[in-house]
Structures are given as C-alpha cells and as structure tokens.
Amino acid sequence: KRIVDGPPVSAFEALGAEAEVKMHTGTGEIGSISSSSGDASSDLDVVSTLHGNPIFLPDPISTAQSILSYLAALAVLHLVLHVAVAGVGKNKNRPKTSGGGGGAGGARTQLQNSYKVTSLVMNGLLAGLGTYHFYFTLPNTTAASERIAGYEELGMLSAIIIAYNLWALPVGLAIKEPSEMIFHHVAVLLVASLPAFFTNGFRYFTPFFFGLIEISSVPLVMMNAFRENPHLDREYPITSLIAGGSFAVSFIVTRVIMWMPQSYDFCRLAFLLCYTSESFGGRAILGAGILANFFLTALQLFWARKIINGVMDVLLLSKKVKETS
C-alpha cells in the first residue's frame, strides 16, 4: 500500500509517513503496522533506531524541581493530616488495646494512622489521573517507537510517583513497614526514573503502572484501618467487609489480570532496546528496569496468593459456622 508518491521507502520511513497521516487525519491506520501485531523482527528494526535519540529529556532540571515541589507539598499534607489525626486520637476515648496510648508506641500509632490517611489521598489522586489517561488519552494501538519515546506530557505521573515514594520510604521505615514494602518503594523509584528523565522512557505505560493500579490501594488503606483498629471492625462490620471484598476484587483485576499483558509488553520492548544498545550504561539502566519490573510482578503474585488464601479461609470459616449452627 502506497502512502505517498515517490521512490521506494524503508519500513521505518513508511511507519513515519503513516504516523503523519494518522496525526493529520485522526485515522487508526498506524495500528495495522504497530508493534501490537507482535512482529518481533519489525519491532527490532524500529527500536534500534531509537538509540539515536538524546539520552535525557530536554529539561531534566525542571523535572527534578517538580519532584521536589511535589515532595514538599506532600510533606505539608502529611503534617496537616498528622496533626488532625493526633487531635482526633486525643479527643476520642479509645480502648487501651487499640494502641492509642502514650509513649513511643502511641506516637508510632499516630504516625501510622496519618501515613494511611495521606496514602489514601495520594492513591486516590494517582488512581484518578492514571485511569483517565489510560482510557481517554492513550490510543488502543500505537507504534513501538511511540510507546518507548513518546508521550512526554505524561512525565508528570512519574514525577508524582517518585515524590510519593521518596516520602513513603523514610516514613515506612519509621513505622516499621514490612520489608517487601520497603523494597517495593525502592523498585518503584528505580522504574519511575526511566520515564521521568530519559527520552526512551516508556511513558506510554505510566498511566497504568503509576496510576490505574492504585485503585486497589484505596480499599486496602481502609481494610488495614479496620484490621489495626478492632473496635472499628466491631462497630462497622458491613463497611469492613465491603472494604476487604473491594480490595480483593480490585487487586486481582488490576494487579494480576490487567498487569500481566502490560508488564509483558514493557519487558519485551525494554529487552529489545537493551539488546540493540551498544552502550554499557544503557544496557545497565534498562537491565535494572527490567529486573525491577520482574520483582514488582513477583510481588503482585505473592500478594495475590495471600489474598486468595485469605478469601478461601473466610469462605471455609463461614461454611463451618453454617454447618455448626
């Protein structure tokens, strides 16, 4: 199929011409030769040309300043919420077993609660931004070159997620988060640095990995609040059950079913870019990003197994209760 009149052109030149046609006409023809077709040889040719791009985005200093601005705003938000949570804790007469007492333990509990409330706000923000861009901004099919080096306007999501994890890492250490969560923060910082600072940064994937999947984090925060405050679970059992069920369903859907094809596509393109790179530094950075994605994928499956086991335990317990009643 001829796109423009003239002498024969290469496959990559044809891709560029067809992309230009799509840009001006709004048609979806580019999807017919995009990497979504699974043609690894054509993807390899396209990806290999991307090494001619500049290593860094045009203004990495501005990105760093944005990250610091988001981090400062997040610290202020956490401080305000911490004061509010501490005030509520002092004014409400709680049982001693709820951890609301004084001393280091009480201070840690207040920090945990304010951490959860701040995380709830941030997770809701990221989920909303990511879901919007995933369904309304990104096309269903696009060329491999665009998925790797395009969509600079989505770098904002990377800056926000970096600031969020820079804040969450020290706070998580202070409240003694599980070790897998600490490694999770580090892995996200590593992966998010690619779209934030590098031209070939895979920004096409940021609405999903740095936004949409946080849908499951919102009910998770609520579920943990009930788990760590038994009196709330007793007072609002239906709400607690809804929070737990919503978390289980949203996690399996977003972080397992939807995660796998997105993760595969990212790792495939990152491997092709790494394979065609002649720079040791480029291969090291891309290799680290691929390994971080492998770790995060394994972590999702580890958590999914725990969730499924927990659901099965609840169902078995409910069955036993019915049989004995």
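In the set Gly282, Gly287, Gly310, which member is small (Gly, Ala, Ser) and crowded, with 16+ Cβ neighbours inside 10 Å?
Answer to the selection: Gly282.
Could you tell me which residue of segment 225-239 is farthest from Ile161 (Cα to Cα), considering only residues that are assigned to a helix (DSSP H, G or I) and open to solvent by less than 40 Å² (accessible area, probe 1.4 Å)?
Of segment 225-239, the ones assigned to a helix (DSSP H, G or I) are 225-228, 230-235, 237-239.
Remaining after also requiring open to solvent by less than 40 Å² (accessible area, probe 1.4 Å): 225-226, 231.
On the way: Ala225: 23, Phe226: 26, His231: 33 Å.
For segment 225-239, the residue satisfying everything is His231.
For the structure I just gave you, tell me whether Gly281 is modelled with pLDDT under 95 and part of a helix (DSSP H, G or I).
On the way: modelled with pLDDT under 95: yes; part of a helix (DSSP H, G or I): yes.
So Gly281 passes the test.
Mind listing just one residue for me: the one in segment 198-224 that is outside any helix (DSSP H, G or I) and aromatic (Phe, Trp, Tyr) and, of those, farthest from Leu126 (Cα to Cα)? Explain how you work it out, then say what you get.
Quick first cut of segment 198-224, residues outside any helix (DSSP H, G or I) only: 198-202, 210-211.
Pick out the ones that are also aromatic (Phe, Trp, Tyr) and you get 198, 202, 210.
Numbers: Phe198: 21, Phe202: 18, Phe210: 7 Å.
It comes out as Phe198.
Only residues that are within 25 Å of the chain's Cα centre (by Cα) and without any contact (Cβ under 8 Å) to a residue 60 or more places away in the chain: list them for segment 269-280, please.
In the first step, residues of segment 269-280 are kept if they are within 25 Å of the chain's Cα centre (by Cα); the result is 269-274.
Passing the criteria: Phe271, Cys274.
Which residues, counting only those in segment 58-82, are in a loop (DSSP other than H, G, I, E, B) and either of a type in the set (D, E, K, R) or within 21 Å of the chain's Cα centre (by Cα) (or both)? Can you show your working first?
So in segment 58-82, the residues in a loop (DSSP other than H, G, I, E, B) come out as 58-59.
Scanning segment 58-82 gives a single hit, Asp59.
Is there a residue being open to solvent by less than 40 Å² (accessible area, probe 1.4 Å), of a type in the set (Ser, Thr, Tyr) and modelled with pLDDT under 95 anywhere in segment 59-71?
There is no residue in segment 59-71 that is open to solvent by less than 40 Å² (accessible area, probe 1.4 Å), of a type in the set (Ser, Thr, Tyr) and modelled with pLDDT under 95.
Is one or more of the residues making up segment 178-200 open to solvent by less than 60 Å² (accessible area, probe 1.4 Å), of a type in the set (Asp, Glu) and modelled with pLDDT under 95?
To start, the set of residues in segment 178-200 that are open to solvent by less than 60 Å² (accessible area, probe 1.4 Å) comprises 180-182, 184-185, 187-189, 191-200.
From what is left, the residues that are of a type in the set (Asp, Glu) are 180.
Imposing the further condition that a residue be modelled with pLDDT under 95 reduces the set to 180.
So far as segment 178-200 goes, yes, one or more of its residues are open to solvent by less than 60 Å² (accessible area, probe 1.4 Å), of a type in the set (Asp, Glu) and modelled with pLDDT under 95.
List every residue pair whose Cβ atoms lie under 9 Å apart, where the two residues are 6 or more positions apart in sequence or sit on different chains, the first residue falls within segment 303-325 and is on the phi < 0 side of the Ramachandran plot, and the second residue, located anywhere, is open to solvent by less than 90 Å² (accessible area, probe 1.4 Å) and among the aliphatic types (A, V, I, L, M).
Filtered contacts from segment 303-325: Ala304/Ile252; Ala304/Val256; Ile307/Ala248; Ile307/Ile252; Ile308/Ala248; Ile308/Ile252; Gly310/Ala248; Val311/Ala248.
The values are calculated or read from the model by the stated rules, or taken from the named source; none is laboratory data. Every value quoted in this text rests on a predicted model; they were computed, and no experiment measured them. No Cβ is skipped: glycine too gets one built from the backbone with ideal geometry, and neighbour counts run over all protein chains shown. Side chains are part of the model used for accessible areas, which takes the heavy atoms of the whole protein and leaves out ligands, DNA and RNA. Shrake-Rupley method; radii C 1.70, N 1.55, O 1.52, S 1.80 Å.
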